[in-house]
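Comments concern the structure below.
The values are calculated or read from the model by the stated rules, or taken from the named source; none is laboratory data. All of these numbers come straight from a predicted model, not from anything done at the bench. For neighbour counting, all protein chains shown are included, and Cβ atoms are generated from backbone atoms with ideal geometry for every residue, glycine included.
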Amino acid sequence: MPDRLSALDASFLYVEQPATPMHVGGVAIFERPRDDFDYGRLVELVRHRLGYLPRYRQRVLPVPGHLARPVWVDDVDFDLNYHVRRSALPAPGSDAQLFDLVARLMSRPLDHERPLWEAYYVEGLANGRVALITKTHQAMIDGVGTVELGQLIMDPSPHEREPCEDTWSPRRQPSRAQLVLDAFGEAVQRPGEVVENVRSAARDAAATAEKLVDAVGGVTSTLRAVARPAPPGPLNARVSGGRVFAGVRTSLEAYRKVRARHGGTVNDAVLAVLTGALRDWLASRGETLTPTATVRALVPLAVLDPDAAEFSPAGLVNNWIEPYLVDLPVGEPDPVLRLQHIGHAMAEHVDSERSVTARAMLRVGGFAPATMHSLAARAAASFSSRIFNVLVTNSPGPQQPLYAGPARLAEIYPIMPLARDQALAVGITSYHGDVYFGLNGDRKAFHDVDALGGMIEEALEQLEGTHW
């Protein structure tokens, strides 16, 4: 039996355009240890872990005539050094230079003739640091059979694990005739699927959108209630092929103080800070903000599969991501009232019996947020960009140090993809006492992404310093 892509995975390939590549990513910054962590050592670390992820040595092979969905096949010419690449900044490289490199790398689609992932080892950062930039196609990460590379190579100790016993030998690629025969064999059992596949490959927008919604699963009552389009504004613009990126590091303790003083959750406080920053950014663009003005965020949350007894730490098996729409009150001038509005909006989701708590997610091995952000991007892709203004994903990470080989992870920034009409996507994660924002924007529509980054820091200071 061919290892055929699911309807959802194939859809990510069908809808991909040069201006909207369908990959997610991350920027991990490491303290370079005395026991040197060079490019060669990173390559060996990845090599030793690939046995856990067979998909990372497979490529997508289309079926002639699009008679069936593409299949996964072993890459007989797999070249690890092609996927794990070496780059450098002019020393001493700044964070701004690193983020500019991130933007340029993330704007380039992955090569569909090879396994759909890349990693870049970046040298030259100030203070002897090194960075790892990862790109992984959304068609690969399902959270069950395949997790994100960043989760795989992170360990709670600098002492290296025993490498996975790996006896991988590529299987011969099926011939065109075999692909057609397999497709016809399946068509006998499901004849309607042949027509569906041809239509999808021809980029029939209606068919693709319908397939995405069906594949993701049940749409929540929150989304059913929203038939109206999202509020208009500069966050919704047709994206170009260029990107800008900024990373913001804030203190987790500051959000905990806000929670202790004003109630709600840390997640509520994070969203309130982002709301305050978006309010200031909209004002800087000359937008008129009425007291009732909102920005609609699509916020994917982890929930339990109805058939699962509990959250599974073994690779997120039996767990889902469901997207919720949250109206961020950017028209409200008082930061505490913004927090309260968001707290009320999120309470229904947080109190749900199916919600997965941060504590449960932290039982997942490695740096699980890397996979959680990938799953969130997949869930968000199922909805029309007309019903939300910005994608916001927030996944808690471990509060103890993690390591890639001997190198200690110092900072981590998620990179979320842009939809066709979304100029900004925000990925948020916590790690070892800090909360990190990854701001991915369109180079034309969101050229001032750095300004938004500074406004996040100011909004946190404002909320933290407010007393009622």
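In the list 425, 410, 459, 451, which residue meets the criterion of being at pLDDT 95 or above, within 20 Å of residue 96 (Cα to Cα) and part of a helix (DSSP H, G or I)? Among 425, 410, 459, 451, only 451 is at pLDDT 95 or above, within 20 Å of residue 96 (Cα to Cα) and part of a helix (DSSP H, G or I). Residue 40 falls short on exactly one of the conditions (1) closer than 30 Å to residue 435 by Cβ; (2) without any contact (Cβ under 8 Å) to a residue 24 or more places away in the chain, and that condition is (1).
Scanning region 356-369 turns up one or more residues that are aliphatic (A, V, I, L, M), modelled with pLDDT under 85 and either under 18 Å from residue 415 (Cβ atoms) or touching a Cys at 6+ places or on another chain (Cβ under 9 Å) (or both). Which of the residues spanning region 245-274 are within 9 Å of residue 435 (Cβ to Cβ) and hydroxyl-bearing (Ser, Thr, Tyr)? Selection gives 250, 251, 255.
Restricting region 236-268 to residues that are out of contact with any Asp or Glu (no Cβ under 9 Å at 6 or more places or on another chain) and hydrophobic (A, V, I, L, M, F, W, C), the residue that is farthest from residue 386 (Cα to Cα) is 260. Does region 277-293 contain any residue that is buried (at least 23 other Cβ atoms within 10 Å of the Cβ), of a type outside the set (Lys, Arg), in a strand (DSSP E or B) and modelled with pLDDT of 95 or more? No, region 277-293 has no match at all. All of (1) over 21 Å from residue 376 (Cα atoms); (2) at pLDDT 95 or above hold for residue 119 with one exception: (1).
Within region 248-265, the residues that satisfy the criterion of being among the hydrophobic types (A, V, I, L, M, F, W, C) and either farther than 16 Å from residue 393 by Cα or without any contact (Cβ under 8 Å) to a residue 40 or more places away in the chain (or both) are 252, 254, 258, 260. Residues of region 236-268 that are aliphatic (A, V, I, L, M) and not in a strand (DSSP E or B): 237, 239, 252, 254, 258, 260, 266.
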